[in-house]
Amino acid sequence: MALLPILTIPDPRLRVISTPVERIDAEIHRLLDDMLETMYEAPGIGLAAVQVGVAKRIVVIDIAKRKDDAEPPAPIFLLNPQIVWACEELSTYNEGCLSVPEYFEDVQRPARVRVRHLSREGETIEFDAEGLLATVVQHELDHLEGGLFIDHLSRLKRERVVKKFTKAARLDARAAEHATENADA
Ligand code: GNR
Ligand code: NI
């Protein structure tokens, strides 16, 4: 198993539309295991493959409380997931994203959804989600379309956070450049 680097905004690879998994082989199984380890380590409760630079329709989720309540791990693997039904009622969650670290905002989404997907073994599965799970599933499906939760915010809020991360990335790049210069000298 391996930890994979998580892309952060404004990395353009986060805006790529992911393509369906056509064959579930050992490589896909390894990616699922690495994604799960990466998500647990972050820590996060969901991760889409595109967040680690692999634009395939693959998601891992675990909303079990592992810290205080010490529930056993309950990983969910979603390959080629689709929302086949959503209720009319909306619910609001304070969302965060590993690709927009340490930034949280309320987002409204359908309170209940039905999800169809392939399991790790390629079996077609359907389940109903509500509460936090419904929110995370929809957050992850946005990633598969190149979407981010900040796309649900006002333009002002979105531009503000993108600007902040763009500036930070520029400073990081400059610092790395100077470090190389010093190493060369
Ligand atoms: O770890 C995560 N927490 C979270 C909290 C509220 C709504 C959605 C999420 S998903 C996020 C991990 C992530 O970025 N998945 O794409
Ligand atoms: Ni996310």
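The values are calculated or read from the model by the stated rules, or taken from the named source; none is laboratory data. The shown structure was predicted, so the numbers you read here are calculated from the model rather than taken from an experiment. Quick reminder, even Gly has a Cβ in these numbers, built from the backbone with ideal geometry, and neighbours come from all protein chains shown. Just so you know, the surface numbers come from the protein's heavy atoms only, side chains and all, with ligands and any DNA or RNA stripped out. Shrake-Rupley method; radii C 1.70, N 1.55, O 1.52, S 1.80 Å.
Test Thr92 against the stated conditions and say whether it is within 14 Å of ligand 1 (Cβ to nearest atom), of a type in the set (S, T, N, Q) and either under 22 Å from Met1 (Cα atoms) or in contact (Cβ under 8 Å) with a residue 12 or more places away in the chain (or both). The answer is yes for Thr92.
Scanning region 165-172 for residues that are basic (Lys, Arg) and farther than 21 Å from Ile45 by Cβ turns up at least one hit.
Scan region 13-41 for residues that are away from ligand 2 (no atom under 16 Å from the Cβ) and in a loop (DSSP other than H, G, I, E, B) and report the count.
Selection size over region 13-41: 6.
For first residues located in region 65-86 and over 22 Å from Glu121 (Cα atoms), partners that are at pLDDT below 95 and open to solvent by less than 80 Å² (accessible area, probe 1.4 Å) and lie 6+ apart or on another chain with Cβ distances below 6 Å form the pairs Glu71/Ala64. Only residues that are under 16 Å from Val100 (Cβ atoms) and either open to solvent by less than 90 Å² (accessible area, probe 1.4 Å) or not acidic (Asp, Glu) (or both) were counted across region 157-175, and they come to 12. If you take the residues in region 42-72 that are under 14 Å from the mean Cα position of the chain (by Cα) and open to solvent by 60 Å² or more (accessible area, probe 1.4 Å), which one is farthest from ligand 2 (Cβ to nearest atom)? Step by step, filter region 42-72, then rank; the result is Lys56.
Give the residues of region 16-41 that are within 14 Å of ligand 1 (Cβ to nearest atom) and buried (at least 16 other Cβ atoms within 10 Å of the Cβ), sorted by residue number. Spell out how you get there, then give the answer.
Taking region 16-41 as the starting set, the residues that turn out to be within 14 Å of ligand 1 (Cβ to nearest atom) are 18, 35-36, 38-41.
Those that are within 14 Å of ligand 1 (Cβ to nearest atom) and buried (at least 16 other Cβ atoms within 10 Å of the Cβ): Ser18, Met35, Leu36, Thr38, Met39, Tyr40.
Could you give every pair whose Cβ atoms fall below 6 Å, whose first residue belongs to region 23-36 and is without any contact (Cβ under 8 Å) to a residue 60 or more places away in the chain, and whose second residue is of a type outside the set (S, T, N, Q) and open to solvent by less than 20 Å² (accessible area, probe 1.4 Å), counting only separations of at least 6 or pairs across chains? Sorted first by the residue in region 23-36, then by its partner, the pairs are Met35/Leu47; Met35/Val60; Leu36/Val60. Do we have any residue at all in region 115-125 that's within 16 Å of ligand 2 (Cβ to nearest atom) and part of a strand (DSSP E or B)? Looking for residues that are within 16 Å of ligand 2 (Cβ to nearest atom) and part of a strand (DSSP E or B), one finds none in region 115-125, hence no. If the condition is being near ligand 1 (Cβ under 10 Å from one of its atoms) and touching a strand residue (DSSP E or B) at 6+ places or on another chain (Cβ under 6 Å), then region 107-133 contributes only Val107. Scanning region 91-114 for residues that are away from ligand 2 (no atom under 16 Å from the Cβ) and either β-branched (Val, Ile, Thr) or at pLDDT below 95 (or both) returns Thr92, Val113.
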